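The following block contains the structure, expressed as structure tokens.
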Amino acid sequence: MSKNGKGAIKSGKSDNFDKYAYYLKSVQSPDTDVLFLRDVYKELKGKKPIVLREDFCGTFSILCEWVKLHPSHLGVGIDLDQEPTNYGKTHHLARLKPAQQRNVQIYNENVLSKKLAKADIIVAMNFSYFIFKTRSSMREYFSNALSCLNEGGLFIVDCFGGPACQEPNVEQVVHKGFSYFWDQESFDAITHHAIFHIHFKIKGEGKKRKNVFSYDWRMWSIPELRDIMEEVGFRKTHVYWEGTTKSGDGNGDFTRAEVTNENCDAWVAYIVGEK
């Protein structure tokens, strides 16, 4: 299962290996992500969003794609870690036109801080918010996000799960010139705490680059997250469920649903809260 480097607790080697570039090639699709976010807002609100805020924004490639969609679009990124945000400024922001660059603002702040930037859409992508392991801390984060939404705004998070995510396993995906490994080291059935790693094996190199990114998360369920959203004051919640190919893999198409008869070994979905 493909995951993002946001919220990583450990990085890999310190040579010229560009971990963020390999990560982007492996698991991110910011150009299609921004279309999904825009279209969900238009579907639920009947109008176009302007301001997108990404919490745990990392290298914030999604915000750069957002401002490229329309001259009026504004992107705001929040992340405590300066390493990925500095990388994003050098490798993503610098490639934008000057007017587009001015429409992106990055803050090295805590997502729990008060008086963060307001937005039409606030997103926490790639399960980064799974770093909150208690119900009280998740409530605090969701409540803070709600307070920062413009009237009628949307809070959108992704979620993953399934039987395959409740046991140690390794998934390998072969790309041109390298292989990507998503390694679930552990899962605690009582606490739902789990440890994950991302490894890379570069063609021509003898050894796998291990633990380039590592994560210490709690595995949250869709009902738990929807309940917390409703408890803190979101008016409605929705689930966007991913369709499957004939082979049973995810097809990248997400549609709104309240029930599903698909018992996937591993699934990805989006949860949307309406202010």
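The values are calculated or read from the model by the stated rules, or taken from the named source; none is laboratory data. What you see is a predicted model; the values in this text were computed from it and never measured. Cβ sites come from the backbone with ideal geometry, for glycine too, and all protein chains shown count toward neighbours. Heavy atoms of the whole protein, side chains included, go into the accessibility calculation; ligands, DNA and RNA do not. Shrake-Rupley method; radii C 1.70, N 1.55, O 1.52, S 1.80 Å.
Of the residues that sit in the range 179-198 and are hydroxyl-bearing (S, T, Y) and in a strand (DSSP E or B), which one is surrounded by the fewest Cβ atoms within 10 Å (Cβ to Cβ)? Before you say what the answer is, go through the steps one by one.
Filtering the range 179-198 for residues hydroxyl-bearing (S, T, Y) gives 179-180, 186, 191.
Then drop every residue that is not in a strand (DSSP E or B), which leaves 179-180, 186.
Values: S179: 15, Y180: 20, S186: 11.
Residue satisfying both the conditions and the ranking: S186.
Kindly indicate the residue of the range 21-38 that is open to solvent by less than 40 Å² (accessible area, probe 1.4 Å) and small (G, A, S) and also farthest from F181 (Cα to Cα) among those meeting that condition.
A21
While we're on this one: Could you tell me which residue of the range 245-266 is farthest from I202 (Cα to Cα), considering only residues that are open to solvent by less than 80 Å² (accessible area, probe 1.4 Å) and either in a loop (DSSP other than H, G, I, E, B) or out of contact with any strand residue (DSSP E or B) (no Cβ under 6 Å at 6 or more places or on another chain) (or both)? Talk me through it step by step, then tell me what you get.
Quick first cut of the range 245-266, residues open to solvent by less than 80 Å² (accessible area, probe 1.4 Å) only: 245, 248, 250-252, 254, 257, 260, 262, 264, 266.
Restricting the remaining residues to those that are either in a loop (DSSP other than H, G, I, E, B) or out of contact with any strand residue (DSSP E or B) (no Cβ under 6 Å at 6 or more places or on another chain) (or both) gives 245, 248, 252, 260, 262, 264, 266.
Working: T245: 29, G248: 28, G252: 26, T260: 39, E262: 35, C264: 30, A266: 26 Å.
Looking at residues that are open to solvent by less than 80 Å² (accessible area, probe 1.4 Å) and either in a loop (DSSP other than H, G, I, E, B) or out of contact with any strand residue (DSSP E or B) (no Cβ under 6 Å at 6 or more places or on another chain) (or both), I get T260.
Out of all the residues in the range 194-203, is one or more over 18 Å from the mean Cα position of the chain (by Cα) and under 26 Å from S221 (Cβ atoms)? Explain how you work it out, then say what you get.
First, pick out the residues of the range 194-203 that are over 18 Å from the mean Cα position of the chain (by Cα): 199-203.
Of the ones still in play, those that are also under 26 Å from S221 (Cβ atoms) are none.
For the range 194-203, residues over 18 Å from the mean Cα position of the chain (by Cα) and under 26 Å from S221 (Cβ atoms): absent.
Considering only residues of the range 39-53 that are more than 17 Å from the chain's Cα centre (by Cα) and aliphatic (A, V, I, L, M), which is nearest to H70 (Cα to Cα)?
So, considering only residues that are more than 17 Å from the chain's Cα centre (by Cα) and aliphatic (A, V, I, L, M), the one nearest to H70 (Cα to Cα) is I50.
For the range 118-157, give me each residue that is in a strand (DSSP E or B), closer than 15 Å to M229 by Cβ and open to solvent by 10 Å² or more (accessible area, probe 1.4 Å).
Hits for the range 118-157: nothing passes.
Do you know which residues across the range 25-61 are hydrophobic (A, V, I, L, M, F, W, C), in a helix (DSSP H, G or I) and modelled with pLDDT of 95 or more?
V34, L35, F36, L37, V40, L44
Can I ask one more? Just for the range 159-178: of the residues that are surrounded by 13 or more Cβ atoms within 10 Å (Cβ to Cβ) and in contact with a Ser or Thr (Cβ under 9 Å, 6 or more places away or on another chain), which one is nearest to A119 (Cα to Cα)?
The first filter runs over the range 159-178 and keeps only residues surrounded by 13 or more Cβ atoms within 10 Å (Cβ to Cβ), leaving 159-162, 164-166, 169, 171, 173, 178.
Subsequent filtering for residues that are in contact with a Ser or Thr (Cβ under 9 Å, 6 or more places away or on another chain) retains 159, 161, 171, 173, 178.
Values: C159: 21, G161: 28, E171: 36, V173: 35, F178: 38 Å.
Among them, the one singled out is C159.
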